[in-house]
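The values are calculated or read from the model by the stated rules, or taken from the named source; none is laboratory data. Everything quoted here is computed from the prediction, not taken from an experiment. Here the Cβ is made from the backbone with ideal geometry for all residues, glycine too, and neighbour counts use every protein chain on show. The accessibility values were calculated without ligands, DNA or RNA, using every heavy atom of the protein model including side chains. Shrake-Rupley method; radii C 1.70, N 1.55, O 1.52, S 1.80 Å.
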Amino acid sequence: QVQLMESGGGLVLAGGSLILSCAASGSTFSIVRMGWFRQAPGKQRELVALVTSGGITNYADSVKGRFTISRDNAKNMVYLQMNSLKPEDTAVYYCIADGLKRYWGQGTQVTVSS
């Protein structure tokens, strides 16, 4: 089993920045990919960004050029640097880890005010 703990959410003005962090614990040796999803009120959960253990990244079109995902394999951490935030980025952000199965964190709220 893998446990994930997110931190770093909060309230920010449009145009501002936030960084989300996610710490993995447990059977971390099995993790091959980590990333972030988000779910806005009334909408389906959607992919934000993924990063493999080798550093290959993938981003949703809506966040390309504004968000950066990074990973510290030694610390079993994944980060999401979010710049130029927009009100439409408001959502609960979930950390995921792909290993024997997909593991999910509890989520952290990001609210972008205009």
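So what is the accessible area of the chain per residue, in Å², with the probe set to 1.4 Å? Working shown, then result.
Numbers: 5900 Å² over 114 residues.
Per-residue accessible area for the chain comes out at 52 Å².
Here's how it looks for Gly16: its modeled amide H is under 5 Å from those of Leu85, which are all 5 or more places away or on a different chain. The trypsin sites (Lys or Arg not before Pro) of region 26-113 that DSSP puts in a loop, and whose beta carbon has at most 12 other beta carbons within 10 Å, are Lys43, Lys64, Lys75, Lys101. Across region 33-39, computed HN-Hα scalar couplings (Karplus, 6.51 cos²θ - 1.76 cosθ + 1.60, θ = phi - 60°) run 8, 10, x, 9, 10, 9, 9 Hz from first to last residue, x flagging Gly and Pro. In the neighborhood of Gln39, defined by Cβ-to-Cβ distances under 11 Å, what is the net charge if each Lys or Arg adds +1 and each Asp or Glu adds -1? Result for the neighbourhood of Gln39: +2. Note on the chain: with charges restricted to the Cβ of Lys and Arg (+1) and Asp and Glu (-1), its dipole about the Cα centre is near 140 debye. Split the accessible area of the chain by element, probe 1.4 Å, and carbon with sulfur accounts for 51%. Net charge in the neighbourhood of Trp104 (other residues with Cβ under 15 Å of its Cβ; Lys, Arg +1, Asp, Glu -1) is +2. In a fully extended conformation the segment linking Ser25 and Ser70 would gain 14.5 nm over its present Cα-Cα distance, using 0.36 nm per residue. Across region 82-95, rounded Karplus estimates of 3J(HN,Hα) from the backbone phi angles (6.51 cos²θ - 1.76 cosθ + 1.60, θ = phi - 60°) give 10, 10, 6, 5, 10, x, 6, 7, 4, 4, 8, 9, 10, 7 Hz, Gly and Pro being marked x. For a straight C-alpha distance cut-off of 20 angstrom, the aspartates and glutamates reachable from Lys64 (same-chain residues fewer than eight places away being disregarded) are Glu46, Glu88, Asp89. Can you give the log10 of the normalised intensity I(q)/I(0) at q = 0.26, 0.34 Å⁻¹, computed with Debye over equal Cα scatterers of region 66-111? Values, matching the q order: -1.10, -1.23.
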